Amino acid sequence: VRTLVWFRRDLRDNDHAALYHALRQSREVACAFVFDRDILDGLLDRADRRVEFIHDGVAELQRTLEARGGGLIVRHGRARDEIVRLATELEVEAVFFNHDDDPAARARDAAVEGALHARGIAVRHYKDAVIFEREEVLTVSRTPFSVFTPYKNAWLKALTPAHLAPYPAGRHVGRLLPRSTPVPSLHALGFRPTNLHDLKLPTGMAGGARLFEDFLARIDRYHEARDFPAQKGPSYLSAHLRFGTVSVRQLAAAAWQRGGRGAQTWLSELIWRDFYHQILWHRPDVAAGHAFKARFDALPWPNPPGHFEAWCAARTGYPLVDAAMRQLEQTGYMHNRLRMIAASFLVKDLLVDWRLGEKWFADKLIDFDLAANSGGWQWAASVGCDAQPWFRIFNPVAQSERFDPDGHFIRRYLPELARVPAPAIHAPWTMSAALQQQTGCRIGRDYPEPLVEHAAQRVRALALFKQIQAVP
Ligand code: FAD
């Protein structure tokens, strides 16, 4: 039996569900990846770090498969057509792939499956990107969870070592078909290089493994360090989880076996990831701009002119928000605490529709993940499942004082504030004229005046939400 494994968001050759099953069930296994025009042509920016990250991952995957005696056929076209064409050309009996529960991917996969079946080719698909998916963790009344903590408890209760066991590809690698086609250059795909290789984000399986090893040395302090953006607290593995250059089973197994506060807190973050993935499975409309709590779709967002633009351009006059937005622009990453602060500020201080911020993050984040981004934005905007209550509004200055007390992170991204001391750096408009002179940071000239006054905006935001809250 000859089969085909179609790689998508799972760019690795170890602990890979579809590859493992194909190798076990076949005599010959071809491997393929398609640079999908349906996705790439929709990207606004022709210099996109994600395309480069994937490009690196595909090139590495081809090398490692070849080193095992196999290969990787790489195409550039509409995936839904290319895979059917390739399966026909190779005369395979079945196509194997891992689940991708993004609504667009579900539609694509259903179309591919239909076309393959029409040609008498079987389709086998597997869970791979998460520990529990779809209907695997439900409430006692067999409905989806919409609150995290009970979901997490049920998740932990359902977990057995088998859920974390790796899929060993090794035993049957001799069945890999040594067929490859060259990886098209970035240029041929219609993209320009970015600054990806200047960032502290090593790519591919090797990069993911290196980051994980580095993180394991500090995982025990994760719960203390993770909220402080100036510290090396989190794992920085999100892009690798997004594109499958690491196996989530391997990460979860390591955290589970290790135990202790740090590893347990980190495992919880991986459970948040599963949580939002199952929300997206049950409620694909949340990814299409609908609030999980439907009544909030009626919120009349003021969207004051210039507010969204100032937020995007890192010119709100609130240093921690602006530093966060520069981090996103310069690196394609933003620290989790800052994602919460920046999102909350856009929605509750600038009174801008959360969907605009969600889209901005979706365009810029290397780790952009539909489920997590939609979940995160709806959490911050208080319109989602298990969201921040609408009357709890972050104070951007207090958050700055608490999570970047010395201003180290702010100074890293806002050199114009380099000489402004803490505590003034959290609210630089409070500096006296003399201090502005002395620090070389004149407000309104070297750094913007605050775009809004937090206390006044807070009152407006509460009034906005109350209109909806009053609706039965
Ligand atoms: P670590 O702290 O090391 O966490 C490990 C992994 O757990 C992460 O890589 C991620 O896969 C997962 N994780 C952590 N926190 C969350 C969370 N709250 N929800 C879901 N998964 C989580 N995460 C994305 O992967 N893609 C996104 O597009 C995304 N958008 C977000 C938007 C907003 C407004 C907010 C508030 C959060 C968003 N997150 C998103 C969640 C979180 O901020 C990132 O996963 C995290 O900052 C990635 O850094 P890390 O890998 O160093 O995280």
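The values are calculated or read from the model by the stated rules, or taken from the named source; none is laboratory data. Please read these numbers as outputs of a predicted model, since none were measured by experiment. Cβ placement follows ideal geometry from the backbone for every residue including glycine, while neighbour counts extend to all protein chains displayed.
Side notes on the structure shown:
- For region 356-371, a residue qualifies if it is buried (at least 21 other Cβ atoms within 10 Å of the Cβ) and small (Gly, Ala, Ser), and the qualifying residues are 357, 371.
- When the test is whether a residue is of a type in the set (Asp, Glu), away from the ligand (no atom under 12 Å from the Cβ) and over 23 Å from residue 405 (Cα atoms), residue 224 does not pass it.
- Some residue of region 361-375 being out of contact with any Gly (no Cβ under 8 Å at 6 or more places or on another chain) and over 21 Å from residue 234 (Cβ atoms): yes
Residue-wise test of (1) in the same structural domain as residue 104 (by TED's automatic domain parsing); (2) over 30 Å from residue 53 (Cα atoms); (3) within 12 Å of the ligand (Cβ to nearest atom); (4) among the aromatic types (Phe, Trp, Tyr).
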| residue | (1), (2), (3), (4) |
| --- | --- |
| 301 | no, yes, no, yes |
| 329 | no, no, no, no |
| 351 | no, yes, no, no |
| 392 | no, yes, no, no |
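- Of the listed requirements (1) modelled with pLDDT of 95 or more; (2) closer than 26 Å to residue 242 by Cβ, residue 139 misses just one: (2).
- Residue list for region 93-138, restricted to those being within 27 Å of the chain's Cα centre (by Cα) and either among the hydroxyl-bearing types (Ser, Thr, Tyr) or at positive phi (or both): 126, 134
- Helices (runs of 4 or more DSSP H) contained entirely in region 303-422, each with at least 3 residues that are among the polar types (S, T, N, Q): 319-331, 370-380
- Condition met for residue 372 (farther than 23 Å from residue 424 by Cα, under 19 Å from the mean Cα position of the chain (by Cα), within 13 Å of the ligand (Cβ to nearest atom) and outside the structural domain of residue 415 (by TED's automatic domain parsing)): no
- Considered as a group, the residues in region 231-284 that are in contact (Cβ under 8 Å) with a residue 60 or more places away in the chain and β-branched (Val, Ile, Thr) include one that is farthest from the ligand (Cβ to nearest atom), and that residue is 245.
- Counting the residues of region 8-67 that are touching a Leu at 6+ places or on another chain (Cβ under 7 Å) and among the small types (Gly, Ala, Ser) gives 3.
- Residues that are crowded, with 21+ Cβ neighbours inside 10 Å and of a type in the set (A, V, I, L, M) within region 42-57 comprise 51, 54, listed in sequence order.
- In region 144-180, the residues that are of a type in the set (Ser, Thr, Tyr) and crowded, with 17+ Cβ neighbours inside 10 Å: 146, 151, 167, 180
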